[in-house]
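Chemist: Please find one structure pasted underneath; my questions will follow.
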Amino acid sequence: MRDKYKYIGPVYDFLSNLYSGKNIHRCKTAMLDVETVKPGDRILFAGVGHGRDAIRAAELGADVTVVDLSETMLRKFAEAQQKEAPQLTIRRIHSDIMKVEEFEQYDLVVANFFLNVFDENMMVRVLEHLIRLGKADAGVVVGDFCYPTGNLVARLFKKLYWYMAVFTFWLFANNAFHKIYNYPEHMQRLGLQVTEKKHFKLLNMDCYWSILGRKQA
């Protein structure tokens, strides 16, 4: 299968930091601390990209598995791990996430800036699949662009800011072109209880959020 991130993948982290002032990185690691990650926890990262969030989880003692369909992204992840944490063992799977069928095996499933590559119907199917990969009381983390709220100017800014990003990845990676998703609504509709949200600002406006949902055991 063609690697959609062959060209934009090598500069993904650079573009993310340039675009967000490192808020995307902060968002990705927001839920990965000693409160949510315990030594020995099995954690899966879907669409890992360059994967510094996965490295963070492994540093906290988790048993980490990363999945990405892009060979380029997995190579960049391997390079980042070799540079930053070569002593860690992190399992890598080069596959479509929908073909990973390790159901009820993970304590935490993380989808940071991954669900937004799909159109809405497919996004819901992928999210439902990710939930099935978690254990009965697993957590599911989604880090992504905030759903637009606030006054008219704030909502307009957030939409323009989003469409700049989605157009770039539609153009260079053939990702779906769509509106901003309201992830908490989708997570709750699929049976998760949203237990925590963390927001990250740009120009004093909430542009990113990290959302933690829990399966109801």
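Chemist: Taking K and R as +1 and D and E as -1, what net charge do the other residues with C-beta under 15 Å from the C-beta of Asn17 add up to?
Modeler: Counting the neighbours of Asn17, the net charge comes to +3.
Chemist: Could you provide, to the nearest whole Å², the per residue accessible area of the chain with probe 1.4 Å?
Modeler: For the chain, the solvent-accessible area averages 50 Å² per residue.
Chemist: What is the Cα centroid distance between the range 1-29 and the range 43-62, reported in whole angstrom?
Modeler: About 15 Å separates the Cα centre of the range 1-29 from the one of the range 43-62.
Chemist: What is the magnitude of the charge dipole of the range 4-215 about its Cα centre, with +1 placed on the Cβ of each Lys and Arg, -1 on the Cβ of each Asp and Glu, and no other charges, expressed in debye to the nearest 20?
Modeler: In total the dipole reaches around 520 debye.
Chemist: What distance in nm separates the two pseudo spin-label positions at Gln87 and Asn204, each 7 Å out from Cα along the beta-carbon direction?
Modeler: Distance between label points: 4.5 nm.
Chemist: Here is a further query. Using a Cα-Cα cut-off of under 12 Å, which aspartates and glutamates could be cross-linked to Lys38, ignoring same-chain neighbours fewer than 8 residues away?
Modeler: Candidates past the 8-residue exclusion: Glu59, Asp63, Asp107.
Chemist: Moving on to the next point. Using a Gaussian network for the chain with springs between C-alpha atoms less than 10 Å apart, which of these wobbles most: Val141, Val37, Val100?
Modeler: Val100
Chemist: Between Val124 and Ala136, with labels modelled 7 Å along Cα→Cβ, what's the label distance in nm to one decimal, could you check?
Modeler: 2.8 nm
Chemist: Report the charge-dipole magnitude of the range 9-85 in Debye, nearest 20, computed about the Cα centre from +1 at each Lys and Arg Cβ and -1 at each Asp and Glu Cβ.
Modeler: About 180 debye.
Chemist: At Lys99 and Leu171, where each label point lies 7 Å from the Cα along Cα→Cβ, what is the point-to-point distance in nanometres?
Modeler: 3.1 nm
Chemist: For n ≥ 4 DSSP H runs only, could you compute -39500 (n - 2.57) per run for the chain, divide by its residues and tell me the 222 nm figure to the nearest 500? Working shown, then result.
Modeler: Numbers: 7 runs with 81 residues, N = 217.
Value at 222 nm, helices only, nearest 500: -11500 deg cm²/dmol.
Chemist: Further question: If you build a Gaussian network model of the chain, linking Cα atoms that sit under 10 Å apart, which residue out of Val153, Val67, Val194 swings the most?
Modeler: Of Val153, Val67, Val194, the most mobile in the Gaussian network model is Val153.
Chemist: Here's another thing I want to ask about it. In whole Å, what are the extents of the range 4-215 along the principal axes defined by its C-alpha atoms, from largest to smallest?
Modeler: Result, largest extent first: 46, 37, 30 Å.
Chemist: Considering only DSSP states other than H, G, I, E and B, which chymotrypsin sites (Phe, Trp or Tyr not before Pro) in the range 12-105 qualify as loop sites with at most 12 other Cβ atoms within 10 Å?
Modeler: Here the chymotrypsin sites (Phe, Trp or Tyr not before Pro) that fit, given the DSSP loop and packing criteria, are Phe103.
Chemist: Taking only Cα atoms and a 10 Å spring cutoff, compute GNM fluctuations for the chain and point out the largest among Glu102, Glu120, Glu71.
Modeler: Glu102
Chemist: How about Lys99: which lysines have a C-alpha closer than 26 Å to its C-alpha, ignoring those fewer than 8 places off in the same chain?
Modeler: Within reach: Lys4, Lys6, Lys28, Lys76, Lys135, Lys215.
The values are calculated or read from the model by the stated rules, or taken from the named source; none is laboratory data. Keep in mind it's a predicted model, so treat the numbers as computed, not measured. Cβ: placed from backbone, ideal geometry, glycine included. Neighbour counts: every protein chain shown. Only protein heavy atoms, including side chains, enter the accessible area calculation; ligands, DNA and RNA are left aside. Shrake-Rupley method; radii C 1.70, N 1.55, O 1.52, S 1.80 Å.
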